[in-house]
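Q: The structure follows.
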Amino acid sequence: MSDASPHEGLSTLLHEARTFAPSPEFAAQANGTAELYQQADADRLAFWAEQARTYLTWEKDFEEVLDWSQAPFAKWFVGGKLNACVNAVDRHVEAGHGDRVAFHFVGEPGDTQDITYAQMHQKVQRAANALSELGIGKGDTVTIYLPMIPEAVVAMLACARLGAPHTVVFGGFSSDALHSRIQDAGSKVVITADGGWRRGKPSALKPAVDGALAQGDTPVEHVLVVQRTEQDVDWSEGRDIWWHDALAAAADTHEPEFFDSEHPLFILYTSGTTGKPKGVLHTTGGYLLQNAYTTSVVHDLHPETDVYWCTADIGWVTGHSYIVYGPMTLGATQVMYEGTPDTPHQGRFWEIIQDKKVSILYTAPTAIRTFMKWGKEIPEKFDLSSLRLLGSVGEPINPEAWMWYREVIGGGRCPIIDTWWQTETGATMISPLPGVTATKPGSAMRAIPGITADVVDESGEPVGRDAGGYLVITAPWPAMLRGIWGDPERFKETYWSRFPGVYFAGDGAKFDEDGNVWVVGRVDDVMNVSGHRMSTSEIESALVSHPKVAEAAVVGANDATTGQAICAFVILREDAVEEADEVGEGAELVAELRNHVAKEIGAIAKPRQILIVSELPKTRSGKIMRRLLRDVAEKREIGDVTTLADSSVMDLITEGLRAGD
Ligand code: PRX
């Protein structure tokens, strides 16, 4: 744990007076009602059992709702059998909704495709057959490294259909990061593409896969390659297979098998407080249920009439939960967009909303702040009257951004759901119910019906109202992670040891005077950069793996657009210092180090700023005091230095920086 205090940022007591109650019209049609809180409070497990039977189709009903006897290893809906892909696709076709559009796909260059549930059904069956031809079956992991194209969803659901846990790696990760994930998950097959369209150019993905596999020591036998950009790719005969060839050769029907409720559905790697990313494991029944339930009661999705757009990438948990498993289990019509919000112009999102008549938009505060910076004249040029609900996820949303979102994008009429959750929680945990809750700008409000959260102090005691501390979840929940792939001890240690018996989320939070939750941000060594989770120690490890670096310390500094920005303090090896002095290559070296981090982890992990220093501030026990480095990075007065082993270090650092300015 770092020296960050959960009370940081909480010094001003929150007395937000503005509240925004839903309109009577919205409330009248909302899926989420006040009664849900009462039902869940009265009998939580009976409540979840009822939701599970309402939202999911079980091949075999479950016998027990929750087995918590092996805590913290939970089993939900024990004895039940189901298939996630059947729930997300087949059953909608069987119910007569085959002609409903599942995805309005918008490619960055302007190509579009409308894919119905019947077409999804054909694609997932062929893809499942193609994967089983390659020897993939129940329990085999498949790594997916794809851009935001419909094949990403097809690939994930085909894996789910076979009971083969997928592990999706975000396309922004480098070949080194991909290699370690393929290895850790032990995948025999990787699904990738020749590339995707990004900022008007084809980006390359296949070379990263080739690079990862060239490092050896993986069980990979085959690489399926989706053709998206038609750029030239190196080809490894016998190993590489075009996706379209494999699907064309595969049988067109696939009889699904049904799996235990606790059968692994996917592994998703996320940054923790150590250098090694953790493979967060989710299983089938509980995960699928909480996602379908929250998409219904929180996102208020009405599959017959809504057009829903979650702007996340499939490589992050938000894409898994709120593009694939939640909305599709309800039979939603969605928009999927391949590219960036400013290509070919800064109104691209609003143009898509206007064209596709999007009614529910789910995006991240960092995007909203970027749009604010670009100016309200841009969205004002488009007809956004189809919107009826707005969502936010990934990081705290500041009240100004919340108000701008409400007024400029939502025309003052759309409720906002600020949804707090994590890769580990699998689905939304704290959020307003849009037809019930009178919201406050910047607060995620209350735990949703069926979930119990609290804010506790250092000793685990609830802090009560108008006080801050650590956010915990006090009872197991259906979509909770079931462990860390291959590392049960790390699971217990990371989440369940800080406050025995409850789940420690790693976030600081505060209850306001009305008992609403305000999430402040991470209290551990995890940063949140544009809603992407980054570990300080992972970036430090990348930096010290460079031959010129002796030591590195990374902090997340506040950033008005990205929430936090990566700031690195680096001590060079002696020979490198001499060399740098001689040739005066400071700026070049910084560029070299930034590129090195991009190679080790991915471009998304490149520090915004790298400061070459001669010392780092450490306590007597040798712990780096990141709090002081954050003061430097945020250009603040340096805080209390009394616990430093050598209190002159901070003077050295700040003087050195001034000299270098
Ligand atoms: O710090 C919290 C922040 O994002 C972290 C989880 O990151 P990740 O696992 O990548 O999942 C992001 C998408 C769910 C949390 O520990 N966070 C997420 N949503 C919010 C948030 N912080 C404040 N408000 C939110 N609504």
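Q: Which count do you get for residues in the range 359-384 that are more than 16 Å from the ligand (Cβ to nearest atom), touching a Gly at 6+ places or on another chain (Cβ under 8 Å), assigned to a helix (DSSP H, G or I) and within 20 Å of Asp313 (Cβ to Cβ)?
A: Here is the first cut: in the range 359-384, the ones more than 16 Å from the ligand (Cβ to nearest atom) are 359-360, 370-384.
From what is left, the residues that are touching a Gly at 6+ places or on another chain (Cβ under 8 Å) are 360, 378-379, 381-382, 384.
Retained after the next criterion (residues that are assigned to a helix (DSSP H, G or I)): 378-379.
Applying the additional criterion that residues be within 20 Å of Asp313 (Cβ to Cβ) yields none.
Matching residues across the range 359-384 total 0.
Q: Then there is this: Say we look at the range 116-158 and pick out the residues that are open to solvent by 10 Å² or more (accessible area, probe 1.4 Å) and small (Gly, Ala, Ser); which of these is nearest to Val101 (Cα to Cα)?
A: Ala118
Q: Before we move on, is Ile610 within 24 Å of Glu588 (Cα to Cα), assigned to a strand (DSSP E or B) and either among the β-branched types (Val, Ile, Thr) or open to solvent by less than 50 Å² (accessible area, probe 1.4 Å) (or both)? Break it down stepwise before answering.
A: Values: within 24 Å of Glu588 (Cα to Cα): yes; assigned to a strand (DSSP E or B): yes; either among the β-branched types (Val, Ile, Thr) or open to solvent by less than 50 Å² (accessible area, probe 1.4 Å) (or both): yes.
Against the criterion (within 24 Å of Glu588 (Cα to Cα), assigned to a strand (DSSP E or B) and either among the β-branched types (Val, Ile, Thr) or open to solvent by less than 50 Å² (accessible area, probe 1.4 Å) (or both)), Ile610 qualifies.
Q: Select from the range 386-401 the residues that are more than 10 Å from the ligand (Cβ to nearest atom) and farther than 19 Å from Ile353 by Cα and write down the one among them that is surrounded by the most Cβ atoms within 10 Å (Cβ to Cβ).
A: Step one: of the range 386-401, the residues more than 10 Å from the ligand (Cβ to nearest atom) are 386-390, 398-401.
Restricting the remaining residues to those that are farther than 19 Å from Ile353 by Cα gives 398-401.
Numbers: Asn398: 16, Pro399: 15, Glu400: 13, Ala401: 21.
Among those that are more than 10 Å from the ligand (Cβ to nearest atom) and farther than 19 Å from Ile353 by Cα, it is Ala401.
Q: Could you please find all residues in the range 510-553 being near the ligand (Cβ under 9 Å from one of its atoms) and on the phi > 0 side of the Ramachandran plot?
A: Gly521, Gly531
Q: Inside the range 385-432, can you point out the residues that are among the charged types (D, E, K, R) and either closer than 19 Å to Pro24 by Cβ or outside any loop (DSSP other than H, G, I, E, B) (or both)? If you could, list the steps in order and put the result at the bottom.
A: First pass over the range 385-432, keeping only residues among the charged types (D, E, K, R): 388, 395, 400, 406-407, 413, 418, 424.
Matches in the range 385-432: Arg388, Glu400, Arg406, Glu407, Arg413, Asp418.
Q: Can you tell me which residue in the range 313-337 is farthest from the chain's Cα centre (by Cα), limited to those that are open to solvent by 10 Å² or more (accessible area, probe 1.4 Å) and farther than 20 Å from Leu384 by Cβ? It would help to see each step written out before you state the result.
A: Filtering the range 313-337 for residues open to solvent by 10 Å² or more (accessible area, probe 1.4 Å) gives 313, 316-318, 330, 333, 337.
Those left that are additionally farther than 20 Å from Leu384 by Cβ: 313, 316-318, 330.
Details: Asp313: 8, Trp316: 4, Val317: 4, Thr318: 5, Leu330: 21 Å.
Here the residue is Leu330.
Q: Now a separate question. Tally time: how many residues in the range 410-435 are crowded, with 22+ Cβ neighbours inside 10 Å and away from the ligand (no atom under 16 Å from the Cβ)?
A: Adding up the residues that qualify gives 2.
Q: When you go through Arg498, Arg446 one by one, which is the residue that is over 25 Å from Gly32 (Cα atoms) and open to solvent by 10 Å² or more (accessible area, probe 1.4 Å)? If you could, list the steps in order and put the result at the bottom.
A: On the way: Arg446 fails: over 25 Å from Gly32 (Cα atoms).
After applying the criteria, what remains is Arg498.
Q: Another question, then. Select from the range 260-283 the residues that are open to solvent by 10 Å² or more (accessible area, probe 1.4 Å), over 12 Å from Asp487 (Cβ atoms) and either in contact with a Cys (Cβ under 6 Å, 6 or more places away or on another chain) or more than 14 Å from the ligand (Cβ to nearest atom) (or both) and list them in ascending order.
A: Listed by number, the residues that qualify are Asp260, Glu262, His263, Pro264, Gly275.
Q: Same structure, new question: Of the conditions (1) closer than 15 Å to Ile409 by Cβ; (2) surrounded by fewer than 23 Cβ atoms within 10 Å (Cβ to Cβ); (3) within 16 Å of the ligand (Cβ to nearest atom), Pro341 clears all except one; give me its number.
A: Here Pro341 meets the rest and fails (3).
Q: Further, regarding this structure: Using the structure shown, decide if Phe491 is free of Cβ contacts under 8 Å to residues at least 60 places away in the same chain, within 16 Å of the ligand (Cβ to nearest atom) and either of a type outside the set (Val, Ile, Thr) or over 22 Å from Tyr269 (Cα atoms) (or both). Reasoning before the result, please.
A: Numbers: free of Cβ contacts under 8 Å to residues at least 60 places away in the same chain: no; within 16 Å of the ligand (Cβ to nearest atom): yes; either of a type outside the set (Val, Ile, Thr) or over 22 Å from Tyr269 (Cα atoms) (or both): yes.
So Phe491 fails the test.
Q: Restricting attention to the range 512-547, report how many residues are at pLDDT 95 or above, over 14 Å from Pro607 (Cα atoms) and not in a loop (DSSP other than H, G, I, E, B).
A: 3
The values are calculated or read from the model by the stated rules, or taken from the named source; none is laboratory data. Keep in mind that this is a model prediction, so the values were computed, not measured. When we count neighbours, we look across all protein chains shown, and the Cβ atoms used for this are built from the backbone with ideal geometry, even at glycine. Remember, those area values only see protein heavy atoms, side chains included, never the ligands or the DNA or RNA. Shrake-Rupley method; radii C 1.70, N 1.55, O 1.52, S 1.80 Å.
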